[in-house]
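Visitor: Please find one structure pasted underneath; my questions will follow.
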Amino acid sequence: MGLTREGYRIAVAGAGDGPSGVDEVYEHCGLERPLARLAELAGESPDGFAVVLDSANGIMDAPLAALGIPVLRADPPLLTDGRTTARSLAALGRSSPEALTALPPDGWTMAGREEGIAAAEAACGPVERELAEQGLLLAGGGGAAPLVALTFDDGPHPEFTPQVLDVLARYDAPAAFFCIGLNALAHPGVVRRIAAEGHTLGNHSWSHAYLPDLGPVGLREQLGFTADTLARACGSTRATRWLRPPYGGRSPELLTAVAGSGLTTVLWDVDAKDWSRPGPGVVAERVLSGVGPGSVVLMHDGGGDRSQTVAALPEVITGLRRRGYRIVGLDELLAARPVRPVRPAASS
């Protein structure tokens, strides 16, 4: 399964040959059509069937697991610039299955790489502090004023994003939506509504990629394709200034490259973990018990069934306001961040 600027590609490789035929093309559409085709192919393969993805494709693993289709992940250095085509992934599955990582059905795209990911994030401290002081990174928390920003990842979704927008309109609350480019390509009308109602649009990569795996070309495509798609949906030439790396995945090199492109990285300090679907009451309690001045709250409007998030949102908003918090946009939260005094230079 590969990805392009226009959508999805499927190539098939049998046990003893290369990819058969030309890539099957699924453009300007949601996941439903390519998923249906993969389910059909799995049903036609009595001797076993698996889908090979790479770490630049985090949009497909959960839906495939829900269908009971095994997923194999190709990692660097098997990839070119952290990305590759459907045909080359299919060929890898045929020729080098032992080099691929089988994802557990209840796992996540980067399963098995947790130690390396944690080490990369731990090394980010000095760069994060420097970028925060420059206004190029917003991590959340540690503020002085009782301000909170609500953020939603993985949309736009044709059903759940409009429901989230309805709740926000009812309570006159702003939010930021970090959009996956492929979803924005499939649902430009939802993107237009987000912008028209005064909410912030953010970049969440083209395909929910683990960005530290990408070289310069792959990173430029993941972020540039998404920025262009969001701007085109809104009829604008202005690209969003905000980025949220999928999984919060980052390295010092990635953060530096993102800042060099003029984007501000937005992380979070309160995770509702609504993707686990623990019930609307639990989602709301996780947010309300975790917030503090300057918090950035992470929730989701896409990537699965987000009905519990929609149901929890009224209590989140009213509960925050009862506690004295004002819900603001990212610009206002960033402007209100504490500024550390500059230390005087040591005398020579």
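The values are calculated or read from the model by the stated rules, or taken from the named source; none is laboratory data. Remember, predicted model here, so these are calculated numbers, not experimental data. Cβ sites come from the backbone with ideal geometry, for glycine too, and all protein chains shown count toward neighbours. Protein only, heavy atoms only, side chains kept; ligands, DNA and RNA dropped before computing areas. Shrake-Rupley method; radii C 1.70, N 1.55, O 1.52, S 1.80 Å.
Visitor: Quick check: is even one residue across segment 294-304 within 16 Å of Asp153 (Cβ to Cβ) and among the β-branched types (Val, Ile, Thr)?
Guide: yes
Visitor: Just to be sure I understand, how many residues within segment 232-274 are part of a helix (DSSP H, G or I), surrounded by 21 or more Cβ atoms within 10 Å (Cβ to Cβ) and under 18 Å from the mean Cα position of the chain (by Cα)?
Guide: Applying the first criterion (part of a helix (DSSP H, G or I)) to segment 232-274 yields 232-234, 246-248, 252-260, 274.
After this cut, where a residue has to be surrounded by 21 or more Cβ atoms within 10 Å (Cβ to Cβ) as well, the list is 233, 246, 254-255, 258, 274.
Still in the running and under 18 Å from the mean Cα position of the chain (by Cα): 246, 254-255, 258, 274.
Within segment 232-274, residues that are part of a helix (DSSP H, G or I), surrounded by 21 or more Cβ atoms within 10 Å (Cβ to Cβ) and under 18 Å from the mean Cα position of the chain (by Cα) number 5.
Visitor: Go through Gly135, Gly93, Gly143 for me and flag whichever is part of a loop (DSSP other than H, G, I, E, B) and surrounded by 15 or more Cβ atoms within 10 Å (Cβ to Cβ). Break it down into steps so the answer makes sense when it comes.
Guide: On the way: Gly135 fails: surrounded by 15 or more Cβ atoms within 10 Å (Cβ to Cβ); Gly93 fails: part of a loop (DSSP other than H, G, I, E, B).
Going through Gly135, Gly93, Gly143 in turn, just one is part of a loop (DSSP other than H, G, I, E, B) and surrounded by 15 or more Cβ atoms within 10 Å (Cβ to Cβ): Gly143.
Visitor: May I pose another question? Is it true that Val190 is open to solvent by 10 Å² or more (accessible area, probe 1.4 Å) and of a type in the set (Val, Ile, Thr)?
Guide: On the way: open to solvent by 10 Å² or more (accessible area, probe 1.4 Å): yes; of a type in the set (Val, Ile, Thr): yes.
Yes: the conditions hold for Val190.
Visitor: A further question on this structure: Within segment 180-195, is even one residue touching a Ser or Thr at 6+ places or on another chain (Cβ under 9 Å), modelled with pLDDT of 95 or more, of a type outside the set (Lys, Arg) and assigned to a loop (DSSP other than H, G, I, E, B)?
Guide: Yes, segment 180-195 contains a residue that is touching a Ser or Thr at 6+ places or on another chain (Cβ under 9 Å), modelled with pLDDT of 95 or more, of a type outside the set (Lys, Arg) and assigned to a loop (DSSP other than H, G, I, E, B).
Visitor: Here is a check on your reading of the model: is Pro46 more than 20 Å from Thr101 (Cβ to Cβ) and open to solvent by less than 30 Å² (accessible area, probe 1.4 Å)?
Guide: Answer is no for this residue.
Visitor: Any chance segment 28-47 includes a residue that's at positive phi and free of Cβ contacts under 8 Å to residues at least 60 places away in the same chain? Full working, then the answer.
Guide: Looking only at segment 28-47, we keep the residues that are at positive phi, and these are 28.
Subsequent filtering for residues that are free of Cβ contacts under 8 Å to residues at least 60 places away in the same chain retains none.
No: segment 28-47 contains no residue that is at positive phi and free of Cβ contacts under 8 Å to residues at least 60 places away in the same chain.
Visitor: Also, quick follow-up: If you check Leu168 against the conditions, is it at pLDDT 95 or above, part of a helix (DSSP H, G or I), surrounded by 14 or more Cβ atoms within 10 Å (Cβ to Cβ) and among the hydrophobic types (A, V, I, L, M, F, W, C)?
Guide: Details: at pLDDT 95 or above: yes; part of a helix (DSSP H, G or I): yes; surrounded by 14 or more Cβ atoms within 10 Å (Cβ to Cβ): yes; among the hydrophobic types (A, V, I, L, M, F, W, C): yes.
When the stated conditions are applied, Leu168 passes them.
Visitor: I'd like to verify a number: residues in segment 305-322 that are touching a Pro at 6+ places or on another chain (Cβ under 8 Å) and surrounded by fewer than 20 Cβ atoms within 10 Å (Cβ to Cβ), how many?
Guide: Count: 2.
Visitor: Then there is this: Please state which one of Asp106, Asp75, Asp23 is closer than 23 Å to Gly303 by Cβ, surrounded by fewer than 20 Cβ atoms within 10 Å (Cβ to Cβ) and in contact with a Lys or Arg (Cβ under 8 Å, 6 or more places away or on another chain). Before you say what the answer is, go through the steps one by one.
Guide: Working: Asp106 fails: in contact with a Lys or Arg (Cβ under 8 Å, 6 or more places away or on another chain); Asp23 fails: closer than 23 Å to Gly303 by Cβ.
Step by step, each of Asp106, Asp75, Asp23 is checked, and only Asp75 is closer than 23 Å to Gly303 by Cβ, surrounded by fewer than 20 Cβ atoms within 10 Å (Cβ to Cβ) and in contact with a Lys or Arg (Cβ under 8 Å, 6 or more places away or on another chain).
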